Amino acid sequence: AGSGIGKASALALMKEGYCVGFAGRRAEPLQAAIDESGAPDRGLAVATDVGDPASVANLFRTVHAKWGRLDVLFNNAGTGAPAMPMEDLPFDKWQAVVAANLTGTFLCCQEAVRIMKAQSPRGGRIINNGSISAHAPRPMSIAYTATKHAVTGITKTLSLDLRKHDIAVSQIGIGN
């Protein structure tokens with residue numbers, strides 16, 4: 001939430017009166033965005049690596065401790081790999097995309113669901129940022145396309161599974 005779509009979304013939520021946990025790898029841009037909001041008391045910067053279970057658990061534990069509930073999760077973290085033929089894509093580049101785009105979505109949903117099921121009143125909303133690439137891929141984008149296709153699968157599955165817990169799950173696809 002320190003730049004781009006994440007920052008714009010977090011600031012828009014704050015403008016509407018939400019208390020917002022700003023997550024990203026680096027604390028400084030997160031805090032700068034909160035300071036820019038005009039309502040720094042409603043923002044919380046938590047440096048987070050969404051591909052790391054302990055880091056994600058810390059994010060949700062910290063947000064829950066501060067505000068006592070979680071109403072909205074916007075899964076927006078994501079990255080791509082350099083455009084190249086798939087046989088030339090280094091495994092570490094593949095893993096980095098999987099960690100941010102797919103594992104991060106899973107881990108954040110998992111932690112959010114635990115809180116949303118237990119809070120009173122229960123429920124909430126999870127919004128996953130997918131991509132049109134899941135349906136119309138760009139050439140030489142196997143890691144990004146595969147993970148965004150998987151985000152659609154996560155979204156559809158959780159949408160079915162979580163209705164009975166008053167948790168709505170949806171997806172947006174902000175494109176180029």
(message) Which condition from (1) basic (Lys, Arg); (2) more than 25 Å from Ser131 (Cα to Cα); (3) within 17 Å of the chain's Cα centre (by Cα) is the one that Arg42 breaks?
(response) (3)
(message) I need every pair where a residue in region 63-80 that is under 16 Å from Gly130 (Cα atoms) and in contact (Cβ under 8 Å) with a residue 12 or more places away in the chain has its Cβ under 7 Å from the Cβ of a residue that is aliphatic (A, V, I, L, M) and assigned to a loop (DSSP other than H, G, I, E, B), sequence separation at least 6 or different chains.
(response) Ala77/Val50
(request) Report yes if Ser133 is polar (S, T, N, Q) and at pLDDT 95 or above, otherwise no. (result) no
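Condition check: part of a helix (DSSP H, G or I), hydroxyl-bearing (Ser, Thr, Tyr) and surrounded by fewer than 19 Cβ atoms within 10 Å (Cβ to Cβ). Does Thr152 satisfy that? Let's see the steps before the verdict.
Details: part of a helix (DSSP H, G or I): yes; hydroxyl-bearing (Ser, Thr, Tyr): yes; surrounded by fewer than 19 Cβ atoms within 10 Å (Cβ to Cβ): yes.
Criteria met by Thr152.
Could you say which residue among Ile132, Ile127 is in contact with a Leu (Cβ under 9 Å, 6 or more places away or on another chain), closer than 23 Å to Ala12 by Cβ and open to solvent by 20 Å² or more (accessible area, probe 1.4 Å)? Let's see the steps before the verdict.
On the way: Ile132 fails: in contact with a Leu (Cβ under 9 Å, 6 or more places away or on another chain).
Of the residues listed, the single one that is in contact with a Leu (Cβ under 9 Å, 6 or more places away or on another chain), closer than 23 Å to Ala12 by Cβ and open to solvent by 20 Å² or more (accessible area, probe 1.4 Å) is Ile127.
Quick one: is Thr157 of a type in the set (S, T, N, Q) and touching a helix residue (DSSP H, G or I) at 6+ places or on another chain (Cβ under 6 Å)?
no
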(message) Can you find, within region 67-78, the residue that is nearest to the chain's Cα centre (by Cα) among those that are within 22 Å of Ala8 (Cα to Cα) and at pLDDT 95 or above?
(response) Asn75
(message) For region 127-146: of the residues being in contact with a helix residue (DSSP H, G or I) (Cβ under 6 Å, 6 or more places away or on another chain) and of a type in the set (A, V, I, L, M), which is farthest from Met84 (Cα to Cα)?
(response) Ala134
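The values are calculated or read from the model by the stated rules, or taken from the named source; none is laboratory data. In this text the structure is predicted, and so the values were computed from the model without any measurement. Neighbour counts are summed over all protein chains in view; Cβ atoms, including those assigned to glycine, are modelled from backbone coordinates with ideal geometry. Remember, those area values only see protein heavy atoms, side chains included, never the ligands or the DNA or RNA. Shrake-Rupley method; radii C 1.70, N 1.55, O 1.52, S 1.80 Å.
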